[in-house]
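Undergrad: Before I ask anything, let me first share the structure, which is written out below as structure tokens.
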Amino acid sequence: MNVSPTLSSRMRFVPGVALLALAAAAPLRAQDASYRLIVHSTNPVNALSRDEVTKMFLKKVPAWRSGDPVVPVDQAEEADVRKVFSKRVLGKDVSAVKGYWQQAIFTGRGFPPVEKASDADVAAFVAANPNAIGYVSSTAAIPTGVKVVKVEN
């Protein structure tokens, strides 16, 4: 069987391209798969259950154990870290969470958390608000005035 050099080259090239594409995609999935929950550094909380965090971000729990109001802050809708947080913690994709808030607004039950454009903006908001709680990607810098809180299942 005589295979032309062009066909033979393509057959070797395609698996190489597929491997390259997989290798390029793998770091993105690993990077997008993590988040860190943050609160103001003076907040006495060091760990929260996933259920507690869900209730805080859906504003079903209006106050910290101290009685101070909970002030959740979300990332922008298109942020990869928000997609991961919404799915892993809230148990819904971003569009379902958006639908939840549209219904809450329509029925007068409340408004969604404030949104910030980046990890740095979320961290700055939390650092400036003692009652705030937010999340950032696992690679984000944690500034002074903010601490990471463990999310327990």
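What follows draws every value from the coordinates through simple rules; no lab data is involved. Every value quoted in this text rests on a predicted model; they were computed, and no experiment measured them. As a convention, Cβ positions derive from the backbone with ideal geometry for all residues, glycine included, and neighbour counts pool all protein chains shown.
Undergrad: What's the Kirkwood radius of the stretch 33-152 in Å, using all Cα pairs?
TA: Numbers: mean 1/r = 0.0706 Å⁻¹.
After inverting the mean inverse Cα-Cα distance, the result is 14.2 Å.
Undergrad: Any of Lys59/Lys83; Lys116/Lys150; Lys83/Lys147 with alpha carbons more than 20 Å apart? Name them for me.
TA: Numbers: Lys59/Lys83 18 Å; Lys116/Lys150 22 Å; Lys83/Lys147 22 Å.
Distance filter (> 20 Å) returns Lys116/Lys150; Lys83/Lys147.
Undergrad: OK, next. In nm, give the distance between the simple-model label positions of Val114 and Lys59, each being 7 Å from the Cα along the Cα-to-Cβ direction.
TA: Here the answer is 1.3 nm between the modelled labels.
Undergrad: Right, another one. Which FRET efficiency, nearest 0.05, do Phe106 and Asp68 yield, Cβ-Cβ r, R0 25 Å? Let's see the in-between values first.
TA: Details: r = 29 Å, r/R0 = 1.14.
The calculated FRET efficiency here is 0.30.
Undergrad: Further question on the same structure: Explain nothing, just compute: Karplus ³J(HN,Hα) = 6.51 cos²θ - 1.76 cosθ + 1.60, θ = phi - 60°, for every residue of the stretch 112-125 in order, whole Hz, x for Gly and Pro.
TA: Ordered by residue, 3J(HN,Hα) equals x, x, 4, 10, 10, 7, 8, 4, 4, 5, 5, 4, 5, 4 Hz.
Undergrad: Given H placed on each backbone N at 1.01 Å, which residues far from Val146 in sequence or on other chains put an amide H within less than 5 Å of it?
TA: So Val146 has HN proximity to Ser41.
Undergrad: Now, a different point. What residues qualify as long-range amide H neighbours of Asp74, i.e. H under 5 Å apart, gap of 5 or more or another chain, H built at 1.01 Å from N?
TA: Residues meeting the criterion, in which the H sits 1.01 Å from N, are Val114, Glu115, Lys116.
Undergrad: How much length would be gained if the chain were fully extended between Glu77 and Asn46, taking 0.36 nm per residue of separation minus their Cα-Cα distance, in nm to one decimal?
TA: On the way: separation 31, 0.36 × 31 = 11.16 nm, distance 2.69 nm.
Difference between extended and current length: 8.5 nm.
Undergrad: Tabulate in residue order the Karplus-calculated ³J(HN,Hα) for the stretch 66-76, using 6.51 cos²θ - 1.76 cosθ + 1.60 with θ = phi - 60°, rounded to whole Hz; enter x for Gly and Pro.
TA: 6, x, 6, x, 7, 10, x, 10, 9, 7, 4
Undergrad: Tell me the GluC sites (Glu not before Pro) within the stretch 41-106 that lie in a loop according to DSSP and have at most 14 other beta-carbon atoms within 10 Å. It would help to have the intermediate numbers written out before the result.
TA: Values: sites: Glu52, Glu77, Glu78; in loops: Glu77, Glu78.
For GluC sites (Glu not before Pro) across the stretch 41-106 that sit outside H, G, I, E and B with at most 14 neighbouring Cβ atoms in 10 Å, the list reads Glu77, Glu78.
Undergrad: Below 13 angstrom from the Cβ of Lys98, what's the summed charge of the other residues (Lys, Arg +1; Asp, Glu -1)? Walk me through the intermediate numbers first.
TA: On the way: positive: Arg82, Lys83, Lys92; negative: Asp74, Glu77, Glu78, Asp93, Glu115.
That sum, taken over residues with Cβ under 13 Å, equals -2.
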